[in-house]
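Asks: Next up is a structure, given as C-alpha cells.
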Amino acid sequence: MTLQQTSAAALPRPARRRDRQRFWQEVAMIAPAVLLLAIFLITPFLLSFWTAMTNQPLVPRPTPVRFVGLLNFQRVFTDPLFWTSLWNVTRFTAWVLPVQCGLAFLTALLLHQKLPMQNLLRGMFFLPAITSMVVVCVIWGTLFQYPSGPLNQIVGFLSGGMVQPIDWLGDPNWAMFSIVLLSAWQAYGFQMIIYLAGLQGIPEELYDAARIDGASALRRFWHVTMPGLRPTHVFVLVITTIQAFKLYTQVAILTQGGPKESTETVVHYMVRAGFEEQKLGYASAVSVILFVIVLLIALLQRKLLRRFDV
Amino acid sequence: MSDLVLSQPAPLAIPRGNSKTGLRIVQTACIFIIALVMISPLFMLFIASLKDDRFRILADMGSFRAFWVADPTLSNYREIANFSGELAYGRYLVNSLVILVVTVVSGLIINSMAGFVLAWGSLRGKAVLLAVVVALYVIPQESIIMPLVVMMSRAGLTDTFAVQILPWVASPLYVFLFYQFFAQLPKELYEAAEMDGASAFRIYRSIYMPLSLPALATVSILMGIESWNQYLWPTLVTQTDYARPISVAIATFFGQDSIYWDRAMAASVLMMIPVLILYLAFQRWFVSSFVGSAVKG
Amino acid sequence: MTTYLGNRLLSALFASSALLWSAGFVEAKSVIHVMHQGDPGWVKAYGDVAKRFEEANPDIDVEMIYAPHDAYNEKFSAAVMAKQLPDVMELDAPFLANYVWSGYLQPIKPLVDKDVLDDMTGSNIAQGTYPIDKDLYAIGLTDSSVVLYGNKKYLEAIGARIPKSVDDAWTREEFEGYLEKLSKLEGVKWPIDTFRGYGIKTEWITYAYGPLLESAGCDLIDRKAWKASGTLDSEACVKALTMMQTWVKNGWVVPTSSGTNQFYAEGQPAALAMGGHWFYAEAAAAMKDSIVVMPLPKIGDKGVSPNGTWIWGISASSENPEAAGKFLSFLLKDKDYRDYAKTQSAYPGLKSFAAESPLYAEGGPLAVAFEQASKTAVARPPHPAYPTITSAFMQAVDKIFNGGDAQEALTAAAKKIDQDIEDNAGYPPFDEQQ
C-alpha cells in the first residue's frame, strides 16, 4: 500500500491515441477483478449496511421487518460483551503479531539458503499451514488437555514439577494465550512463504556488491536483507493484523468465547448474534462496526509506517 | 547461486575455512530438529490414523499415548478409499481438485492483472482503488455469506461448480499481494518497455509475469489451500454429490452423537497430501532468482 | 433477506440464468428432497431406505441432501433464505416452535400413516407438538435422555445406594454427600463429569443442565407468561446454579479442557458421569460391566430429565406433501433403518421400536433412561424465542462455572431473552397465551 515509489505521472507522456488505447487496455485488465469483487463482496456487504438499520431476522418471520435507525448500533455499543470482545481481539492481535510474524520470518531466513534436502525441509515447515483448522483444533485440544496433557507434562518436566498443570483453555487467564500459540503455529507458514518470495525478490547483485565491500554477514543482513524486505514487512504486518482481527474459527471450535468471555471475539460475537440468535440486523451492525474499526487501524498503521519509514 | 543467498546471524562467528562442510551438516541437522519439533503435533494425527478403534483413539487423547501405536493398521485408509456408493470420496476428491485448479488458474490471471494495473497503470484514482481493495480484505466471510447464498440461489447457481469458484476468484488479498510485488520491481523495466512501444498488456505478459514466479507460486499455494479447505460455503451451496467437495464429506466424520476419530484422522492426513504436492511443485519457483538477472540485463 | 431494491437489482442481474434454473423443474416423476445430518453411517442408512422406497414407489424419486452436523443449522437457514427448503428434513426438537411459528413446517398428522402416529411415545409426541394449536409437526424414530452413569467400583467403595428406578433417584443431600465422599476416595480425580467438554455451543448445557433447574423448582422461562425475568433470575435458579458452581469450585467436576472421556479413560479418573444415552456405547466399550446406569438426581421435590432429539418434519412449501408423508412413514417402519439405529444405541421414540430394543427394555442396561421418558421428561421451552433462550443461558452458565456471580449472570440472560421477545412483539400469539 505504501510501497510504490514511482507513479505513472513520472513516466513520459506518449501521444494521445496511445494514451486512450492504454486506458482501455488497463480498464480491461482490471475489470474482471473489479466486477467479481463488486458482485461477490461489495454487493452483499453494502446490503448489510442497510440490514444493520433494520430488525431483520436471519430467516423470514411472520413479523414485519422494520427500519429501526441506529438502534442496533446503540445496542452494540452499550453491550459490555461487545467491548470485551473488542478488547480480546486487540489483545490477541498484539500477541499474535510478533509471535506469528517472527516465527515466519525466522523460518523463512533458515530456509532461504542452499541446504541439503531443501525441499523436504521446506515441506516440513509448511505442513501446519496446510492442515485444516478443524484438525488443528483437534490436535491442540489434546495437547492442551488438563491436567495431564502432553503440554502440561512437558511444562512439568522442564520445571522439575515446580509449575502446576495449567488449564490452558479452561482458565480465563490462559485461554487467549493458548489460542495465540495455536494460531501462530497453524498460520506462520502463510507469512513464511510470503517472506520467502520477498527474499527471492532481493537481487543477488546487492549481496555480491556488499561482499566485495567486505561487509560482514550481519551487516549484509541489516543493510541488504532488511531494506530489501521493507515492502514485505509492511504487507505481512497489515495482512496479519487484519487476519487477527477476524479471529473466529479456532475460538468457535475450541472455546466458543469462554471461559468467562475471555476468548470472545468480535466475529464470534457477530456469528452468535446472527446465526444462533438469528438477529441478522444486529449482526450486520457488528460487522459494519468491525469493518470501520479495522479499516481505521489499517490506515493508522500505514501512517505510522510511513512516518518511521519502515 | 554459488554461495548462500543470505547469511543469517547464526553461523557468522565461525571463521571461514575447511570446516565449512562440517558446519553445514551441523546447521542442517539443527534445522531438521527445529522442523521436527514444529511438526510434532502432527505426529499425533498420523499415529491416530493408524489405530483402527475410535474408542481407543478417544481414550488415548490427552496423554503421550496419543503419540504411540503398538499395532499400526491401514484399515482406516482402506475404508475411506471408496469411489462409489453413498459416500464416494473419490468423486469428492476429483470435485475438489477441479474447483482448486479452476480457482487458482483464473485467480492468478485476474488478480495479477488487477495488481499490475494498480502498480503501474495510468488510471486515475488507482490510489483510491488500492485503498478500497485493502479495505475489502477487512470484511469477514462470515458477514457476507448469507446474502451471498440468497444471491447465488436466485442466480440458479446452487449445486454447481461455478458457485464454488466464482465468489473466491477475485480476492483483495491477492490483488494486494500482486500489487505489492509488482510495485517493488524497478521502474526502469516499465519505462524501457514502454519506450519500445509495448502495450500495457504486453508489458504485463511478457515482462512482469515471467519475473513474478515467486509471487505466482505464493499466490497459487495460498489460494490452493484456501480453496481446498473451504467448508462452510460449499456446505451451504451444494445439495448433491454432483459438485460436493471432499472437505464437506470429511466434516461428516465429526458427527452428531459420535465422532469417527479413526476415519476422520485418516481422511485428514489424506486431505493434506494434494496441497503438499502443490506446495512442493510450486516452491521450486522460489529458488531461481529471475529478478536479479533481469535487472542486470 | 435483501431489500426490495436489492431484489430488483439481483433479479435483473441474474434473470437469464434464473430461466435456465426453472427449466430444470419440468419432470414427469415427482421428486422429494430429504435433508439430514451427514454422519457417514446415517448417509448410508438413509440412502438405502431411499432406494427401497423408490422401488416400492416407482412414481416418486427421492433426493437425499446431507450437511455435516456442525453446519446443519446454517444449512437449514441457508435453505430457508434461498427458498429451497427440502420436502422432508431433520430438525432439532427444541427449535420446532421457532420453525412452526416462522411458517416453515406443516402439520403431519394427515400425511403420516396412522399406525405410526399411534406408535409414538408420549415424550416423542411432546417433542413434535407446537403448543399453540397442539398439532403435531414432526415425528422421529428416536428420542433422547440424560442419565447418571456410575463406576461400580467407586460407588461400592463409598457404600452408595444404587437406585433401581426413577422413583428412588438420589436426593440432593444424597447426591452431594456422595460427591463429597467420592472426592476423598483414592483413585478418583473428579467425582463427576458433567461434560463441560462439549463446550457452550452444542445445546448440551441447556439440554442437560436445564432439567436440574426445573427439578430445583425454577425454569429457563415462565412457560405461561413467557417472561424470563422473575423466573430465570429467581432465587431458586440462583441457588441451583450456585450449587453447581460450588461443585466446580470444590474441584468435583471434570473441567472443560479435560475432554469428554474421563469417565472411562485410563485409571477411570471420573467416578460419575451425567451423560446422554449415546454416551453408553463408548463407556460400555471401555468399562464392560463396571458401569451402572442411574436416574438423574432430584435436586428439589420432583425429578426432571431432558428429552428431545433430531426429528423429521415436512416443510410448508413442499409441493408433494403426500409423497413426503409417504416417505416418512416408510422410513419410520423400515427394518434396516431401525437395525442401524440400534447399533447406535438409539433411544426409542416409538413403542414398537422400544419393544425391539433390548438395551432399553425392562431389565436392559438403559431401562432407567427409558423409564425417565414417561415419568420425568420435560421438553425445553417450546417457544419461538428458543434460539435466544438457549444462547443466553449457555453464556450465563459459562460465566457462573468460571466464578461469575450467579445472580448477575442470570439477570443479564433473562434481560436478553425478554428483550428478544419484546423485539418480536411477543411472538404473537404466544403473548396471548396465559
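Asks: Rounded, prolate or oblate: which fits segment B:160-275, taking a ≥ b ≥ c as square roots of the Cα gyration tensor eigenvalues, rounded meaning a/c under 1.5, else prolate when a/b beats b/c?
Replies: Working: a/c = 4.11, a/b = 2.73, b/c = 1.51.
It is prolate, given that a/c is not under 1.5 and a/b is the larger ratio.
Asks: Treat the count of other C-beta atoms within 10 Å as a stand-in for reagent exposure and order C:Ile299, B:Ile273, C:Ile417, B:Ile259 from fewest to most.
Replies: Details: C:Ile299 25, B:Ile273 10, C:Ile417 28, B:Ile259 19.
Lowest count first: B:Ile273, B:Ile259, C:Ile299, C:Ile417.
Asks: Another question, if that's okay. Cα axis of helix C:406-423 to longest principal axis of chain C: angle in degrees, 0 to 90, nearest 10?
Replies: 20 degrees
Asks: Using alpha-carbon pairs under 8 Å, 6+ residues apart, how would you state the relative contact order of chain C in percent? Walk me through the numbers before you get to the answer.
Replies: Values: 745 pairs, mean separation 112.5, N = 434.
With pairs under 8 Å counted, the relative contact order is 26 percent.
Asks: Based on the Cβ-Cβ distance of A:Leu158 and A:Trp87, what FRET efficiency does E = 1/(1 + (r/R0)^6) give at R0 = 45 Å, to the nearest 0.05?
Replies: Values: r = 32 Å, r/R0 = 0.70.
Efficiency computed from Cβ-Cβ geometry: 0.90.
Asks: Here's another thing I want to ask about it. Around C:Gly140, which amide H atoms from residues at least 5 apart in sequence, or from another chain, sit under 5 Å from its own amide H, with H modelled in the peptide plane?
Replies: The list, which skips near neighbours in sequence, is C:Trp312.
Asks: Can you work out the base-10 log of I(q)/I(0) for chain A at q = 0.10, 0.15 1/Å, using the Debye formula on its C-alpha atoms alone?
Replies: With no solvent term, the Cα-only Debye profile gives -0.79, -1.31.
Asks: At a Förster distance of 60 Å, what's the computed FRET efficiency of C:Glu319 paired with A:Asp208, Cβ-Cβ distance as r, to 0.05?
Replies: Details: r = 75 Å, r/R0 = 1.24.
The calculated FRET efficiency here is 0.20.
Asks: Among the GluC sites (Glu not before Pro) within segment C:331-432, which fall in a DSSP loop and have no more than 10 other Cβ atoms within 10 Å of their own Cβ?
Replies: Taking segment C:331-432 and a limit of 10 other Cβ atoms within 10 Å, the loop GluC sites (Glu not before Pro) found are C:Glu362.
Asks: How large is ³J(HN,Hα), in whole Hz, for each residue of segment C:343-353 in order, when computed from phi with the Karplus curve 6.51 cos²θ - 1.76 cosθ + 1.60 and θ = phi - 60°, using x for Gly and Pro?
Replies: Running phi through 6.51 cos²θ - 1.76 cosθ + 1.60 with θ = phi - 60° gives 5, 9, 6, 4, 8, x, x, 10, 4, 5, 6 Hz.
Asks: With respect to the cross-link table entries B:Lys51/C:Lys288; A:Lys279/C:Lys326; C:Lys224/C:Lys302; C:Lys181/C:Lys399; A:Lys246/C:Lys75, which display a Cα-Cα separation exceeding 31 Å?
Replies: Cα-Cα > 31 Å for A:Lys279/C:Lys326; rest within.
Asks: Same structure, new question: Which order results if A:Leu300, C:Leu105 are arranged by neighbouring Cβ count within 10 Å, fewest first? Could the numbers behind the result be given before it?
Replies: Values: A:Leu300 10, C:Leu105 24.
Ordered by Cβ neighbours within 10 Å, fewest first: A:Leu300, C:Leu105.
Asks: Oh, and also: Could you work out how far the C-alpha centroid of segment B:26-53 sits from that of segment B:142-178, in angstrom?
Replies: The two parts, judged by their Cα centres, are 36 Å apart.
Asks: Filter the chymotrypsin sites (Phe, Trp or Tyr not before Pro) in segment A:178-283 to those in DSSP coil with at most 16 other Cβ atoms within 10 Å of their Cβ, and list the result.
Replies: Of the chymotrypsin sites (Phe, Trp or Tyr not before Pro), not one in the loops of segment A:178-283 has a Cβ with at most 16 other Cβ atoms within 10 Å.
Asks: With +1 on each Lys and Arg Cβ and -1 on each Asp and Glu Cβ, how big is the dipole of the protein assembly as shown about its Cα centre, in debye rounded to the nearest 20? If you can, show how the numbers build up before the last one.
Replies: On the way: 82 positive and 87 negative charges, 866 e Å.
Roughly 4160 debye, rounded to the nearest 20.
Asks: Quick one: among A:Pro116, A:Pro57, A:Pro98, which has the greatest mean-square fluctuation in a GNM of chain A with alpha-carbon springs under 10 angstrom?
Replies: Answer for the Gaussian network model of chain A: A:Pro116.
Asks: Taking Cα atoms of segment C:312-434, Rg/Rh with Kirkwood Rh, to two decimals?
Replies: On the way: Rg = 20.5 Å, Rh = 18.5 Å.
Over the Cα atoms of segment C:312-434, Rg/Rh equals 1.10.
Asks: Relative contact order of chain A, please, whole-number percent, based on alpha carbon pairs below 8 angstrom and at least 6 residues apart.
Replies: Values: 320 pairs, mean separation 88.1, N = 310.
Worked out over chain A, it gives 28 percent.
Asks: Shifting gears a bit: Label points 7 Å out from Cα along the Cβ direction at B:Leu123 and A:Leu70: separation in nm?
Replies: 3.4 nm
Asks: Using 1/(1 + (r/R0)^6) with R0 = 45 angstrom and r between the beta carbons of B:Ala281 and C:Gln419, what's the FRET efficiency to the nearest 0.05?
Replies: 0.25
Asks: Please state, as a whole number in µm²/s, the translational diffusion coefficient that the Stokes-Einstein equation yields for the protein assembly as shown at 25 °C and 0.890 mPa s, with Rh defined as the Kirkwood radius across alpha carbon pairs.
Replies: Rounded to a whole number, D works out at 80 µm²/s.
Asks: Oh, and also: Just going by the charge dipole of the protein assembly as shown, with Lys and Arg at +1 and Asp and Glu at -1 on Cβ, which of C:Pro387, B:Val169, C:Tyr264 is farthest out on the positive end?
Replies: Looking along the dipole axis, the top candidate is B:Val169.
Asks: Put a dot 7 Å past each Cα toward the Cβ at A:Gln21 and B:Asp53; how far apart are the dots in nm?
Replies: 7.7 nm
Asks: Taking springs between alpha-carbon atoms closer than 10 angstrom, which of C:Arg196, C:Arg338, C:Arg161 fluctuates most in the Gaussian network model of chain C?
Replies: Among C:Arg196, C:Arg338, C:Arg161, the largest mean-square fluctuation in the Gaussian network model of chain C belongs to C:Arg161.
Asks: For segment A:122-169, just run the numbers: alpha carbon Rg, then divide by 2.2 N^0.38 Å, N being how many residues it has. If you can, show how the numbers build up before the last one.
Replies: Numbers: Rg = 13.3 Å, N = 48, 2.2 N^0.38 = 9.6 Å.
Working it through for segment A:122-169, the quotient is 1.39.
Asks: For chain B, what is the mean residue ellipticity at 222 nm derived from helices alone (per DSSP H run of n ≥ 4: -39500 (n - 2.57); sum divided by total residues; nearest 500 deg cm²/dmol)?
Replies: -20500 deg cm²/dmol
Asks: Here is a further query. For segment C:56-65, what does the Karplus curve 6.51 cos²θ - 1.76 cosθ + 1.60, with θ = phi - 60°, yield as ³J(HN,Hα) per residue in whole Hz, taken in order and with x for Gly and Pro?
Replies: Karplus values, whole Hz, x for Gly and Pro: 6, 10, x, 8, 10, 9, 10, 10, 8, 10.
Asks: Continuing with this model, one more query. Please check chain B for the longest run free of chymotrypsin sites (Phe, Trp or Tyr not before Pro) that are loop-located per DSSP (anything but H, G, I, E, B) and have at most 12 other Cβ atoms within 10 Å.
Replies: B:84-241
Asks: What ratio of Cα Rg to 2.2 N^0.38 Å holds for segment A:162-287?
Replies: 1.54
Asks: Apply the Karplus curve 6.51 cos²θ - 1.76 cosθ + 1.60, θ = phi - 60°, to the phi angles in segment C:312-321 and return the couplings in whole Hz, x for Gly and Pro.
Replies: 9, x, 10, 6, 5, 8, 4, 8, 10, x
Asks: Using +1 on the beta carbon of Lys and Arg, -1 on that of Asp and Glu, and nothing else charged, what's the dipole of segment C:364-434 about the Cα centre, debye to 20?
Replies: 320 debye
Asks: Further question: When the scattering of chain B is computed by the Debye formula from its Cα atoms alone, each counted once and equally, what is log10 I(q)/I(0) at q = 0.07, 0.11, 0.16 Å⁻¹?
Replies: -0.40, -0.91, -1.28
Asks: Pairs of alpha-carbon atoms within less than 8 angstrom and 6+ residues apart define the contacts here; what relative contact order does segment B:42-112 have, in percent?
Replies: 24 percent
Asks: Still on this structure: What residue among A:Ser287, A:Gln301, A:Gly274 has its Cα farthest toward the positive end of the dipole of segment A:270-310, where the charges are +1 on Lys, Arg and -1 on Asp, Glu, each on the Cβ?
Replies: Toward the positive end, the furthest listed residue is A:Gln301.
Asks: Turning to a different aspect of this structure: Which helices, taking whole DSSP H runs in chain B, have alpha carbons extending 30 angstrom or more along the helix axis plus mean Kyte-Doolittle at least 0.0?
Replies: The qualifying helices are B:20-49, B:89-120, B:261-283.
Asks: Of A:Leu296, A:Leu111, A:Leu120, which is the most mobile in a GNM of chain A whose springs link Cα atoms less than 10 angstrom apart?
Replies: In the Gaussian network model the winner is A:Leu120.
Asks: Next question, about the same structure. Starting from the exponent 0.38 and prefactor 2.2 Å, build the expected Rg for segment A:14-162 from its residue count and divide its actual Cα Rg by it.
Replies: 1.76
Asks: Compute the angle between helix C:386-401 and the longest alpha-carbon principal axis of chain C, please, reported from 0 to 90 degrees and rounded to the nearest 10.
Replies: 30 degrees
Asks: Ok, one more. Any idea which of B:Tyr279, B:Gly121, C:Trp312 is furthest toward the positive side of the dipole for the protein assembly as shown, if Lys and Arg beta-carbons carry +1 and Asp and Glu beta-carbons -1?
Replies: Highest projection toward the positive end goes to B:Gly121.
Asks: Roughly what percent of Cα-Cα pairs across chain C reach past 29 Å?
Replies: Counting every Cα pair in chain C, those more than 29 Å apart make up 50 percent.
Asks: Whose amide H sits under 5 Å from the amide H of A:Leu169, counting only residues 5 or more places off or on another chain, with H placed in the peptide plane?
Replies: none
Asks: Can you list residues from other chains, or at least 5 along the same chain, whose modelled amide H is less than 5 Å from the amide H of C:Tyr347?
Replies: C:Asp143
No value in this document is a laboratory result; all are computed from the given coordinates. No experiment lies behind these values; they were computed from the predicted model shown. Here Cβ is always computed from backbone atoms with ideal geometry, including for glycine, and neighbour counts include all displayed protein chains.
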